[in-house]
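Colleague: Submitted below is the structure of interest, expressed as structure tokens.
The values are calculated or read from the model by the stated rules, or taken from the named source; none is laboratory data. What you are looking at is a predicted structure, and each value in this text was computed from that prediction instead of being measured. Cβ atoms come from the backbone with ideal geometry, glycine included; neighbour counts cover every protein chain shown. Calculation scope for accessible area: heavy atoms of the full protein, side chains included, ligands and nucleic acids excluded. Shrake-Rupley method; radii C 1.70, N 1.55, O 1.52, S 1.80 Å.
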Amino acid sequence: MLKTLKILYHQGKQYIPDLTKARVPGIFRGRPEITTVKINEEELASVCPTGAIMVNPVRLDLGKCTFCNECSRLYPEKIRFTTDYKISTNDRSKLIIPEGSVHDLAIDQTLIRADIRRYLKGSLKLRQVSAAGDNSCELELNAAGNVNFDMGRLGIEFVASPRHADGIVITGPVSKNMAEALRMTYEAIPSPKIIILAGTDAISGGIFEGSPAIDRSFIEKNHIDLYVPGNPVHPLTFINGLIDLLGI
Ligand code: SF4
């Protein structure tokens, strides 16, 4: 009994009291900051495996970034990753971080469809489709519902059937094999419905961008309601993105 009490004491609280103010360890890579220090920009861009770095001036596309840290490791005076996990947005262009300023990645209120908040604010059920994902984002999305993050307290849950869902969360670059399954799953969801892209692979294709094995036509044709960057996404990035989108 004493042993059990000791374990409970050392474990402390098993849930995060305020999901909007939680702190993450310093090793976490979130929103990058880019200085105006002059360096060889072409050399900087060449170290990026996914072409996420653009030059003249330097910009970093979080939708393509795998958060490998190579740019920051080689050019610490130019790029630094902060622990700011609030990097979800509904505007794809905002994922491009410019140099020289603290970039605001907040949700653009003008882009939110009116029926999203009217119908889905109190209860949002989501169907997750791993479209050739590698299980990393899928694991983190699963963690969003555990006792620690407890996304369910906000009325947000994953469900098994698209017919019970209000939206779809896509992970992975969308392989040709999954393109039709993805389309059919989305069509089975009743309106109004939302589309969320979770992770670098889903947002841009990641390291698979341009591969003949992927088919991004579904993502290109449909309106995307939320982009959640990360490789993989952090549960707090996902949850805070939904809090902002739904206006909770
Ligand atoms: S951390 Fe992102 S931007 Fe930097 S080299 Fe890696 S993929 Fe490219």
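Colleague: If you go through segment 52-65 one residue at a time, do you hit one that is open to solvent by 30 Å² or more (accessible area, probe 1.4 Å), within 11 Å of the ligand (Cβ to nearest atom), under 21 Å from V228 (Cβ atoms) and not in a loop (DSSP other than H, G, I, E, B)?
Modeller: Within segment 52-65 (the criterion being open to solvent by 30 Å² or more (accessible area, probe 1.4 Å), within 11 Å of the ligand (Cβ to nearest atom), under 21 Å from V228 (Cβ atoms) and not in a loop (DSSP other than H, G, I, E, B)), the answer is yes, since at least one residue qualifies.
Colleague: If I filter segment 176-187 for residues that are closer than 15 Å to K64 by Cβ and either part of a helix (DSSP H, G or I) or touching a helix residue (DSSP H, G or I) at 6+ places or on another chain (Cβ under 6 Å) (or both), do I get at least one hit?
Modeller: no
Colleague: Enumerate the pairs (first residue in segment 7-26 and under 27 Å from G155 (Cα atoms); second residue anywhere and outside any loop (DSSP other than H, G, I, E, B) and open to solvent by 90 Å² or more (accessible area, probe 1.4 Å)) with beta-carbon separation below 8 Å, excluding pairs fewer than 6 apart on the same chain, so at least 6 apart or on different chains.
Modeller: Here the result reads none, with nothing in segment 7-26 linked to a residue that is outside any loop (DSSP other than H, G, I, E, B) and open to solvent by 90 Å² or more (accessible area, probe 1.4 Å).
Colleague: Another question about this same structure. Select, from A160, A131, the only residue that is modelled with pLDDT of 95 or more and open to solvent by 60 Å² or more (accessible area, probe 1.4 Å).
Modeller: Criteria check complete, one pass: A160.
Colleague: Somewhere in segment 30-47, is a residue exposed (fewer than 10 other Cβ atoms within 10 Å of the Cβ), without any contact (Cβ under 8 Å) to a residue 12 or more places away in the chain and under 27 Å from L242 (Cβ atoms)?
Modeller: No: segment 30-47 contains no residue that is exposed (fewer than 10 other Cβ atoms within 10 Å of the Cβ), without any contact (Cβ under 8 Å) to a residue 12 or more places away in the chain and under 27 Å from L242 (Cβ atoms).
Colleague: Answer yes or no: is there a residue in segment 37-51 that is closer than 16 Å to V228 by Cα and either within 16 Å of the ligand (Cβ to nearest atom) or at pLDDT 95 or above (or both).
Modeller: Taking every residue of segment 37-51 in turn, none turns out to be closer than 16 Å to V228 by Cα and either within 16 Å of the ligand (Cβ to nearest atom) or at pLDDT 95 or above (or both).
Colleague: Working carefully through the options I214, I203, I194, find the one that is surrounded by 20 or more Cβ atoms within 10 Å (Cβ to Cβ), within 25 Å of G122 (Cβ to Cβ) and not aromatic (F, W, Y).
Modeller: Just a single option satisfies the conditions, and that option is I194.
Colleague: From I87, I116, grab the single residue that is closer than 14 Å to L197 by Cα and outside any strand (DSSP E or B).
Modeller: I87
Colleague: Among residues belonging to segment 89-111 that are touching a helix residue (DSSP H, G or I) at 6+ places or on another chain (Cβ under 8 Å) and modelled with pLDDT under 95, point out the one that is farthest from I224 (Cα to Cα).
Modeller: H103
Colleague: Which residue out of T89, T82, T4, T20 is more than 16 Å from the ligand (Cβ to nearest atom), open to solvent by less than 20 Å² (accessible area, probe 1.4 Å) and among the hydroxyl-bearing types (S, T, Y)?
Modeller: Answer to the check: T89.
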